[in-house]
1. Select from segment 232-277 the residues that are among the aromatic types (Phe, Trp, Tyr) and in contact with a helix residue (DSSP H, G or I) (Cβ under 6 Å, 6 or more places away or on another chain) and list them in ascending order.
2. What do you reckon, is residue 63 out of contact with any Gly (no Cβ under 9 Å at 6 or more places or on another chain), over 24 Å from residue 139 (Cα atoms) and in a helix (DSSP H, G or I)?
3. Show the residue pairs that are 6+ apart or on different chains and have beta-carbon atoms under 6 Å apart, the first residue being within segment 303-324 and farther than 22 Å from residue 342 by Cα, the second being basic (Lys, Arg) and not in a helix (DSSP H, G or I).
4. What are the residues in segment 132-172 that are assigned to a loop (DSSP other than H, G, I, E, B), of a type in the set (A, V, I, L, M) and modelled with pLDDT of 80 or more, if any?
5. Given the criterion within 30 Å of the chain's Cα centre (by Cα) and not acidic (Asp, Glu), identify the matching residue among 148, 154.
6. Whether any residue in segment 343-353 is closer than 23 Å to residue 238 by Cα, in a loop (DSSP other than H, G, I, E, B) and more than 19 Å from the chain's Cα centre (by Cα) is what I want to check.
7. Would you check if residue 92 is buried (at least 20 other Cβ atoms within 10 Å of the Cβ), touching a strand residue (DSSP E or B) at 6+ places or on another chain (Cβ under 9 Å), under 20 Å from residue 57 (Cα atoms) and not small (Gly, Ala, Ser)?
8. Report every pair of residues separated by at least 6 positions or lying on different chains whose Cβ atoms are under 6 Å apart, first residue within segment 214-236 and in the same structural domain as residue 273 (by TED's automatic domain parsing), second hydroxyl-bearing (Ser, Thr, Tyr) and crowded, with 17+ Cβ neighbours inside 10 Å.
Amino acid sequence: MKRGIIMVEPKQPLMPKTTVAIVATTRLQDERRRVLDLLYQPILGVSAYSLATVMWRQVALTADLKVEVTHTDLLALLNISMTALESARQRLEAASLLRTYENQPDRMPELIYELQQPVSGEMFFKDDLLSLLLLEVVGERQFERLRQAFLPRQLKRDKWHEISKSFLDVFSLDNRLIATPPKLIETTKAAFDQGQTSVEPEQPTAPDFDFGLLSELLKRSYIDLTDLQQYRQLIINEHLLYGIDETEMARYIGDATNLATNKLDATQFKRTVAAAYQSETTPVVASQKAVTAKKASESQEETALIAAAKQYEPMAFLAQIRQQQGGYVASGEQRIVEQIASKQIFSSPVINILIYEVLIDLNNPTITQRLTDTVANRWAQDGVKTPEDALASIRKFKAERAKPKVGRRRNNQKNIKETLPDWAKNDYQPTTKKPLTQSDKEQFNAQLNKLKKLRNGGD
């Protein structure tokens, strides 16, 4: 699945008369249509799935894979309301099946809907977010049926003797042409390389995770190390989300490996990690990172917040806040954080600042998709790369909102000094996997009461 693009909400509300160009770069492949029908449909819902199907059928009627319609046309084909249409479009965007663009002002069509090929069945089940959501929707029994339907069939070739001919055994070509292909061949290859768009996900990187060490830890076990390579992306995702080191990762992999086949069960692996994470009063904490440089304009509180953001992995950071609030991390919140992390737009410290902004600074009771996307998109446009950049973007946004607007009286605003929770302060020393005492809980509650009073600039 292609990641890294955050969709921007249209500046104007969607209207039935809005003109739309539906475009695609390639026709919907038969195998990808099967993936759309069997795997995407359960997680999309009826309206979003129907919208995707209708749009693919519309572009298939044209030679250039482009058709212009209005929302009224789509509403008539789908027999749904405008609100339902917009919700269906957003679900397709979130599943990376659709990319939405605004055209230039006063240009027609007003919007462009670019259809995206569904990922292959193999990549769907390797995608942590898609497979987990499918499991939650359809249940274990149906999930297993679907998994078996897309598993590659293994042929037993051990007793076969191959006698197939190679290409040059059958076809004759001038060796000089093979060594030095004509210019037309080279320009053709370059044209296809330049225009190629991959629908497969990019492999994430984790420079602080040593796969060599992980292999050494698992070498003496019964685990099939060659089979483990196909789950490299999954392992990296879990490391980035939870801060799991090589030793703990080896233990989780061992717990989720089928003893009969020596194969890792990806679904069980994700459940094992999630269960271990939820059972710990204090989640796994990443290694301490010293704060080396401070901008002169940063306050002491901001410096402490940046240090805390660099200290924790996103899920651990979120869990710390929830613990102080006396609550828990909801499954929906976990999925949203996982989705942001999987896009690989922001580093873990920046994601932590994003979590803090949504829950504490904006005083939102839960992490919501719409608010998170709004803030994340603003930061992406501001070129945020570090937690310092994120705080600068927050200050910029607050300053812009605080400016008096023409024809509107500015409300009186009070500046309230922000007080950070104990875990975000410089002198705080975290403990790992240690249950909270009653005194700790009382302290957390006291800090939460202070947090509720924190607002800056009327936010």
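The values are calculated or read from the model by the stated rules, or taken from the named source; none is laboratory data. Note that the structure is a prediction, hence the values are computed from the model and not measured. Glycine gets a Cβ as well: all are built from the backbone with ideal geometry, and neighbour counts include every protein chain shown.
1. So the first thing to find is which residues in segment 232-277 are among the aromatic types (Phe, Trp, Tyr), and the list is 242, 252, 269, 277.
Answer for segment 232-277, where residues must be among the aromatic types (Phe, Trp, Tyr) and in contact with a helix residue (DSSP H, G or I) (Cβ under 6 Å, 6 or more places away or on another chain): 242, 252, 277.
2. Against the criterion (out of contact with any Gly (no Cβ under 9 Å at 6 or more places or on another chain), over 24 Å from residue 139 (Cα atoms) and in a helix (DSSP H, G or I)), residue 63 does not qualify.
3. 303/294; 304/425
4. Going through segment 132-172, the residues assigned to a loop (DSSP other than H, G, I, E, B) turn out to be 151-166, 171-172.
Among the residues that remain, those that are also of a type in the set (A, V, I, L, M) are: 151, 155, 163.
Hits for segment 132-172 are 151, 163.
5. Working: 154 fails: within 30 Å of the chain's Cα centre (by Cα).
One residue alone meets the criteria, 148.
6. Checked against the condition, which is being closer than 23 Å to residue 238 by Cα, in a loop (DSSP other than H, G, I, E, B) and more than 19 Å from the chain's Cα centre (by Cα), segment 343-353 yields no hits at all.
7. Criteria met by residue 92.
8. Matching pairs, first to second residue: 223/257.
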